[in-house]
1. Mind checking whether some residue in segment 12-21 is in a helix (DSSP H, G or I), of a type in the set (Val, Ile, Thr) and surrounded by 10 or more Cβ atoms within 10 Å (Cβ to Cβ)?
2. Tell me which of these GLU71 doesn't satisfy, since it passes every other one: (1) part of a helix (DSSP H, G or I); (2) modelled with pLDDT of 90 or more.
3. Under 8 Å between Cβ atoms, at least 6 apart or on separate chains: pull out the pairs that start in segment 20-35 with a residue that is within 18 Å of TYR10 (Cα to Cα) and end on any residue that is in a loop (DSSP other than H, G, I, E, B).
4. For segment 31-40, check the following and say yes or no: at least one residue is among the charged types (D, E, K, R), assigned to a loop (DSSP other than H, G, I, E, B) and either at pLDDT 95 or above or over 18 Å from the mean Cα position of the chain (by Cα) (or both).
Amino acid sequence: MRRVKVTRKYQVTIPKDIAESVGIRVGDTVVVSVSGGRLVLEKINVIDELEGALEPAGRRVRGLAEELDKERRGSGRG
């Protein structure tokens, strides 16, 4: 367990070794939440960020890659 200081703007610095151990890199996005009275930081995967991005336009995303592969195989192109 490590101690870090909270700045005037409520910012904290994640120690480099801890960030690297969970795969957080400069520019990554993390989710901040409270669970059981504890502050929790979780790394977001890029795919997780994009999930649902096309759905508001009425397009289904889940299973889309598999569906496209199936169509490609059926047409004799893949």
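The values are calculated or read from the model by the stated rules, or taken from the named source; none is laboratory data. Everything numeric in this text was worked out from a predicted model, so none of it was measured. Note that each Cβ is placed from the backbone with ideal geometry, even for glycine, and that neighbours are counted across all protein chains shown.
1. We begin by selecting, within segment 12-21, every residue in a helix (DSSP H, G or I); these are 16-21.
Add one more test, that the residue is of a type in the set (Val, Ile, Thr), and what stays is 18.
With surrounded by 10 or more Cβ atoms within 10 Å (Cβ to Cβ) added as a condition, the list becomes 18.
Yes; the residues of segment 12-21 include at least one that is in a helix (DSSP H, G or I), of a type in the set (Val, Ile, Thr) and surrounded by 10 or more Cβ atoms within 10 Å (Cβ to Cβ).
2. Here GLU71 meets the rest and fails (2).
3. THR29/ILE44; VAL30/ILE24; VAL30/ILE44; VAL31/ILE44
4. Filtering segment 31-40 for residues among the charged types (D, E, K, R) gives 38.
Restricting the remaining residues to those that are assigned to a loop (DSSP other than H, G, I, E, B) gives none.
No, the conditions are met nowhere in segment 31-40.
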